[in-house]
Amino acid sequence: MKYQRLKEIIRDSKRIVLFTGAGISTPSGIPDFRSANGLYNEKNNYNYSPEEIISHSFFMAHPKEFYEFYFHKMVYKEALPNKAHLYFANLKNLSSVVTQNIDNLHTLANSKKVYELHGSIYRNYCMKCHKFYSLDDLEMNDVPRCSCGGIIKPDVVLYEEGLDEDVVYGAINEISKCDTLIVVGTSLNVYPAASYLRYFKGDNLILINKSHTPYDNMATLCFNEDIIEVINKICE
């Protein structure tokens with residue numbers, strides 16, 4: 001029974017790293033991007049594709065349209081950590097979380113070390129004077145502006161922008177040192193993040209994702225199902 005095997009691997013691991021994508025947060029009410037019902041495939045009233053809107057060049061040229069989309073489609077202030085976030089946060093042998101998500105739910109679940117590859121909606125900075133603003137500081141009905149007059153930008157990595165080198169280094173370092181890597185809720189088609197799996201040298205690669213991934217045949221265990229279902233089964 002592979003659920004029992006997963007339970008044993010988690011119990012016996014000395015150093016676990018959790019690598020997550022949007023699929024771990026969908027049970028919290030946050031839509032993913034690439035599934036059939038995801039953000040990229042839903043009908044909208046915009047004249048641009050979501051990929052265009054959440055690009056650096058679009059943000060610079062059309063901040064009003066960017067923020068209209070961003071606040072309505074990417075910011076979920078009421079979302080709370082679900083059973084999966086909480087389960088992993090409570091593992092004593094969890095070394096760190098590496099996430100592609102910008103929703104802050106791992107931190108809210110009290111995971112101690114979280115590498116946010118794509119940033120967070122909860123951090124925002126003035127592009128002119130670099131003053132910090134929390135999400136609660138922002139008026140979510142217009143382009144947020146600093147007291148100095150500069151436009152405030154969310155600390156999320158847009159298309160055409162590079163990842164933070166310190167975050168990337170920390171994430172790769174954690175992945176290279178763990179004995180168990182648990183990948184949850186990601187198709188592993190987003191680069192460069194997906195390429196970080198090649199640094200894993202440990203014993204157990206666990207993949208939990210509704211759809212198949214390019215790494216399925218390399219996994220110690222592979223679960224093509226919802227993460228909450230898997231958590232429920234290993235907690236029985």
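The values are calculated or read from the model by the stated rules, or taken from the named source; none is laboratory data. All values derive from a computational prediction rather than experimental measurement. Virtual Cβ from ideal backbone geometry, glycine too; neighbours counted across all protein chains shown. Surface areas here come from the heavy atoms of the whole protein model, side chains and all, with no ligands, DNA or RNA. Shrake-Rupley method; radii C 1.70, N 1.55, O 1.52, S 1.80 Å.
In this structure, is N173 modelled with pLDDT of 95 or more, in contact with a helix residue (DSSP H, G or I) (Cβ under 9 Å, 6 or more places away or on another chain) and closer than 29 Å to E225 by Cβ?
No: the conditions fail for N173.
Across region 119-142, what is the number of residues that are over 24 Å from L105 (Cβ atoms) and in contact with a strand residue (DSSP E or B) (Cβ under 6 Å, 6 or more places away or on another chain)?
2
Identify all residues within region 69-85 that are open to solvent by 50 Å² or more (accessible area, probe 1.4 Å) and touching a helix residue (DSSP H, G or I) at 6+ places or on another chain (Cβ under 9 Å); write none if there are none.
Matches in region 69-85: K73, Y76, K77, L80, K83.
Testing Y115 on (1) farther than 25 Å from I10 by Cα; (2) open to solvent by 40 Å² or more (accessible area, probe 1.4 Å); (3) outside any loop (DSSP other than H, G, I, E, B), one condition comes back false. Which one is that?
Of the numbered conditions (1) farther than 25 Å from I10 by Cα; (2) open to solvent by 40 Å² or more (accessible area, probe 1.4 Å); (3) outside any loop (DSSP other than H, G, I, E, B), the odd one out for Y115 is (1).
Looking only at region 133-170, how many residues end up being of a type in the set (S, T, N, Q) and either open to solvent by less than 30 Å² (accessible area, probe 1.4 Å) or within 21 Å of the chain's Cα centre (by Cα) (or both)?
1
Given the conditions (1) in a helix (DSSP H, G or I); (2) open to solvent by less than 20 Å² (accessible area, probe 1.4 Å), and given that I182 satisfies all but one, which numbered condition is not satisfied?
With respect to (1) in a helix (DSSP H, G or I); (2) open to solvent by less than 20 Å² (accessible area, probe 1.4 Å), I182 is out only on (1).
Scan region 201-214 residue by residue and report those that are closer than 19 Å to V97 by Cα and either of a type in the set (K, R) or within 19 Å of the chain's Cα centre (by Cα) (or both).
Hits for region 201-214 are K201, L205, I206, L207, I208, N209.
Taking only region 134-162 into account, find how many residues are in contact with a helix residue (DSSP H, G or I) (Cβ under 8 Å, 6 or more places away or on another chain), at pLDDT 95 or above and assigned to a loop (DSSP other than H, G, I, E, B).
Residues in region 134-162 being in contact with a helix residue (DSSP H, G or I) (Cβ under 8 Å, 6 or more places away or on another chain), at pLDDT 95 or above and assigned to a loop (DSSP other than H, G, I, E, B): 5 in total.
Being open to solvent by 80 Å² or more (accessible area, probe 1.4 Å), part of a loop (DSSP other than H, G, I, E, B) and closer than 30 Å to I175 by Cα is the requirement here; does K128 meet it?
no
Determine which member of the set N173, N217, N189 is closer than 23 Å to I102 by Cβ, open to solvent by 60 Å² or more (accessible area, probe 1.4 Å) and either among the aliphatic types (A, V, I, L, M) or outside any strand (DSSP E or B) (or both).
Every option except N189 fails the conditions.
Name the pairs whose Cβ atoms lie under 7 Å apart, with the first residue in region 101-122 and free of Cβ contacts under 8 Å to residues at least 24 places away in the same chain and of a type in the set (D, E), the second in a helix (DSSP H, G or I) and crowded, with 21+ Cβ neighbours inside 10 Å, and 6 or more positions between them or separate chains?
none
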